[in-house]
Amino acid sequence: MGRAKKVRKFVAAKRVIGKRDARLRENQIKQLSEVKKKPKSDDVVREVPQVPSNLFFQYNQALRPPYQVLVDTNFINHSIQKKLELIESMMDCLYAKATPVITDCVMAELEKLGTKYRIALRIARDPRFIRLKCDHKVYADDCLVDRVMQHQIYIVATNDRDLKRRIRKIPGVPIMTCATGKYVIERLPDAPEK
């Protein structure tokens, strides 16, 4: 067997601690003195306490029949897949009159989906749906969340996980989803058990 070659080290320098290193005693003393000098009046609130969602009517007294249901794109698509009539199934779920509300952003999203979703677009153009005008050009989920935060008079109908997660953070806004054979609503106090 041959001998192993020795690799020459070109730069072999010892690592030196810098003057501003936090491990040095002088710098630790400086940090402690800065913390003591800092006034406590300018403390920023970083966390808002989570409001329990079961205290529904303390926050939203405006939600009464006839209910206005903000409809999302995928809710219409799931309703078509499950062969559910939109308005009648909403009334069966809520035991009251319900008027579906659709925004321009959701309509634009349906139009962008193309010919595959033309049935959903035809359902959304139903004259029984209330159309809400939007001046902005943002993502439809952002539009729905903004509208619900401004006016908490809507039930949001969606099957989108991310949108449901965002809406659950807003107190007093119920969520309607499309389950197998029927619509299910969460966070509505008068709603029947599943």
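The values are calculated or read from the model by the stated rules, or taken from the named source; none is laboratory data. Computed from a prediction, not measured in an experiment: that's the story for all the values here. FYI the Cβ positions are ideal-geometry reconstructions off the backbone, even for glycines, and counts take in every protein chain you see. Quick note on the areas: whole protein, heavy atoms, side chains included, nothing else; ligands and nucleic acids left out. Shrake-Rupley method; radii C 1.70, N 1.55, O 1.52, S 1.80 Å.
Answer yes if at least one residue in segment 171-187 is free of Cβ contacts under 8 Å to residues at least 24 places away in the same chain and outside any loop (DSSP other than H, G, I, E, B), and no otherwise.
yes
Any residue in segment 123-145 that's within 23 Å of P174 (Cβ to Cβ) and in contact (Cβ under 8 Å) with a residue 40 or more places away in the chain: show its pairings with residues that are open to solvent by 70 Å² or more (accessible area, probe 1.4 Å) and not aliphatic (A, V, I, L, M) at Cβ separation under 8 Å, as long as the two are six or more apart or on different chains.
As it stands, the answer is D141/D162; D141/R166; C143/H136, since those pairs meet every condition given.
Given (1) part of a loop (DSSP other than H, G, I, E, B); (2) closer than 20 Å to R64 by Cβ, where does M149 come up short, assuming only one miss?
Among (1) part of a loop (DSSP other than H, G, I, E, B); (2) closer than 20 Å to R64 by Cβ, M149 violates only (1).
Restricting to segment 90-121, name every residue that is in a strand (DSSP E or B) and surrounded by fewer than 19 Cβ atoms within 10 Å (Cβ to Cβ).
The answer is T99, and nothing else.
Condition check: outside any loop (DSSP other than H, G, I, E, B), at pLDDT 75 or above, surrounded by 10 or more Cβ atoms within 10 Å (Cβ to Cβ) and among the aliphatic types (A, V, I, L, M). Does L84 satisfy that?
For L84, the condition - outside any loop (DSSP other than H, G, I, E, B), at pLDDT 75 or above, surrounded by 10 or more Cβ atoms within 10 Å (Cβ to Cβ) and among the aliphatic types (A, V, I, L, M) - is not met.
Has segment 122-132 got at least one residue that is open to solvent by 60 Å² or more (accessible area, probe 1.4 Å) and farther than 23 Å from P66 by Cβ?
Yes: segment 122-132 contains one or more residues that are open to solvent by 60 Å² or more (accessible area, probe 1.4 Å) and farther than 23 Å from P66 by Cβ.
Suppose we filter segment 76-131 for residues that are under 12 Å from Y183 (Cβ atoms) and of a type in the set (F, W, Y); how many remain?
1
Does segment 45-53 include one or more residues that are touching a Pro at 6+ places or on another chain (Cβ under 9 Å), open to solvent by 20 Å² or more (accessible area, probe 1.4 Å) and at pLDDT 85 or above?
For segment 45-53, residues touching a Pro at 6+ places or on another chain (Cβ under 9 Å), open to solvent by 20 Å² or more (accessible area, probe 1.4 Å) and at pLDDT 85 or above: absent.
For segment 1-44, what are the residues that are at pLDDT below 85 and either within 30 Å of I170 (Cβ to Cβ) or β-branched (V, I, T) (or both)?
V7, V11, V16, I17, V35, D42, D43, V44
For a quick check of your reading of the model, give me the residue pairs whose first member lies in segment 74-89 and is more than 18 Å from R125 (Cβ to Cβ), whose second is of a type in the set (V, I, T), with beta-carbon atoms closer than 8 Å and at least 6 apart or on different chains.
Going by the 8 Å Cβ cut-off, the qualifying pairs are K82/T180.
When residues of segment 134-182 are filtered for being of a type in the set (D, E) and surrounded by 17 or more Cβ atoms within 10 Å (Cβ to Cβ), how many remain? Spell out the reasoning first.
First pass over segment 134-182, keeping only residues of a type in the set (D, E): 135, 141-142, 146, 160, 162.
When the remaining residues are screened for being surrounded by 17 or more Cβ atoms within 10 Å (Cβ to Cβ), the result is 141, 160.
Total meeting the criteria: 2.
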